[in-house]
Amino acid sequence: MDRNEETALIARVRSYHDRHAFGRLVAEYQSPIRRFLLTQTHGNGQLADDLAQDTFVKAYTHIDSFQGRSAFSTWLFRIAYNVHYDYVRVHHTTTDLDTPQALHTPSRHDNTALRLDLQDALDILTPNERTCITLQLMEGQPILQIAQITGIPENTIKSYLARGKHKMAAFLRANGYK
């Protein structure tokens with residue numbers, strides 16, 4: 001979808017509350033948003049789906065607040081980031097950063113050892129490192145966009161990326177990868 005088509009769809013949603021137009025936006029962005037949330041929830045598909053749904057509901061109900069200063073995808077990732085952050089804050093979920101999750105229940109799409117090892121490597125990262133790594137390496141977001149999504153300064157993002165990549169590389173090397 002090009003930017004002009006995206007802008008036209010957003011205008012239709014704003015002006016006419018056009019659910020079909022919003023459905024096209026959801027179809028365009030649901031996979032990247034769900035993938036981002038799946039990583040943030042340590043592979044919990046059901047929770048990622050629930051948070052993705054909350055993200056799109058908030059996007060629809062607050063579409064008038066989208067000002068177009070950044071890409072629509074950046075705005076959606078910011079909502080997804082905030083939805084996940086709110087969930088973690090309300091449910092007080094924490095992870096033991098010294099030990100990766102021992103038990104995984106892979107979906108039929110996550111049937112390779114590499115995917116499980118990558119998830120384990122992501123699990124050892126701090127939440128900020130995991131967010132930055134996910135947005136850059138998995139979603140292809142540049143550092144400036146990551147800063148807009150997370151509200152974290154660019155130099156801090158660079159530090160999180162460097163530390164996160166170093167931790168993941170060490171973890172993967174320790175598990176037989178070169």
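The values are calculated or read from the model by the stated rules, or taken from the named source; none is laboratory data. Small disclaimer: the values here were computed from a predicted structure and weren't measured. Cβ atoms come from the backbone with ideal geometry, glycine included; neighbour counts cover every protein chain shown.
Worth a mention:
- Note on region 49-72: residues that are hydroxyl-bearing (Ser, Thr, Tyr), modelled with pLDDT of 95 or more and either under 16 Å from the mean Cα position of the chain (by Cα) or assigned to a loop (DSSP other than H, G, I, E, B) (or both) total 1.
- Residue that is surrounded by the fewest Cβ atoms within 10 Å (Cβ to Cβ), among those in region 1-43 that are assigned to a helix (DSSP H, G or I) and of a type in the set (Val, Ile, Thr): Thr7
- Region 141-167 residues that are among the aromatic types (Phe, Trp, Tyr), paired with ones that are part of a helix (DSSP H, G or I) and modelled with pLDDT of 95 or more (beta carbon under 6 Å, 6 or more apart): Tyr160/Asn128; Tyr160/Glu129; Tyr160/Cys132
- Ala121 being at pLDDT 95 or above, buried (at least 16 other Cβ atoms within 10 Å of the Cβ), part of a helix (DSSP H, G or I) and not polar (S, T, N, Q): no
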